[in-house]
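Peer 1: A single structure is presented below for examination.
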Amino acid sequence: MKNEVKIHEVDPSLNNRRSFLKLSGLALAGAGLVIAGCSNDDNDNGPEDTSLPGVRNGVFDLGSGDFGVLTYAYALEQLEADFYTKVVNSTSFNSAFNDTERQVLTDLYHHEVIHRDFFKAALSGALPNPSSQLLPTLAFNYGSLNFNSRTEVLATAKALEDTGVAAYNGAGKLIKSADYLLLAGKIVSVEARHAAAIRSLINPNSKDFAGDDVISASTGLDVAKDPSKILPIAGGFITTKFTAKYLP
């Protein structure tokens, strides 16, 4: 979070990137309605107990399989939505960021809220008993993070977006439903654009938007990490206790 950032130098390509981000976020709003409406078909045979999220031994567990992955994604999207909500509502939002930066961050705020609500709707429509199996609204604590500091906000946004892309990439192999996999692929493509946009704000006109730290030099693909690698990182901000015993 101590990276030096130039405040007024902006990558001209961000204007086009903003337009794409806005359109892609709105498209996902419709996708959420589709998955919530058709996902009940998967409930006919009933999943195994470990597939269902819910309270086990007094603590909420994410479950496994498709339900586990969707609930895992829902937890991460709650975090990102909460973070950007605090960013755009900070007292220095208008003074700490220039116009382009405010527009990008506001777009990301809207996207993450759409993603969060998408997963909530999908799980509410698919779980046999969402009243007890839907992950509750999580609580967060950002420690000493100063939401009025441009440098700290962008550094944290970069960390969250990079982590989110790696999380979706790592969880994709766990999804069995072709419909869910397709929708997860759409969302991770948007998250990757979020990461690129934030990296361009931090270091304009550079190659950092697809840096070697997030792109494999051997495959040319984004980094992928299992939930067991992602949750300890995201968990640093999440104060609500839950487990993921059945996810790798």
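The values are calculated or read from the model by the stated rules, or taken from the named source; none is laboratory data. What you see is a predicted model; the values in this text were computed from it and never measured. Heads up: the accessible areas ignore ligands, DNA and RNA and are worked out on the full protein's heavy atoms, side chains in. Shrake-Rupley method; radii C 1.70, N 1.55, O 1.52, S 1.80 Å.
Peer 1: How much accessible area does V69 have with a 1.4 Å probe, in Å² rounded to the nearest 10?
Peer 2: Probe radius 1.4 Å; accessible area of V69 about 10 Å².
Peer 1: Then there is this: Non-local amide H neighbours of T240 (under 5 Å, H modeled in plane, Pro and chain starts lacking H): which ones?
Peer 2: For T240, the qualifying residues are A139.
Peer 1: While we're looking at this one, here's another question. Could you give the distance between the Cα centres of region 158-188 and region 88-141, to the whole Å?
Peer 2: 17 Å
Peer 1: Over 26 Å between Cα atoms, which of K86/K173; K120/K176; K86/K245; K158/K245 qualify?
Peer 2: Checking Cα-Cα distances, K86/K173; K86/K245; K158/K245 exceed 26 Å.
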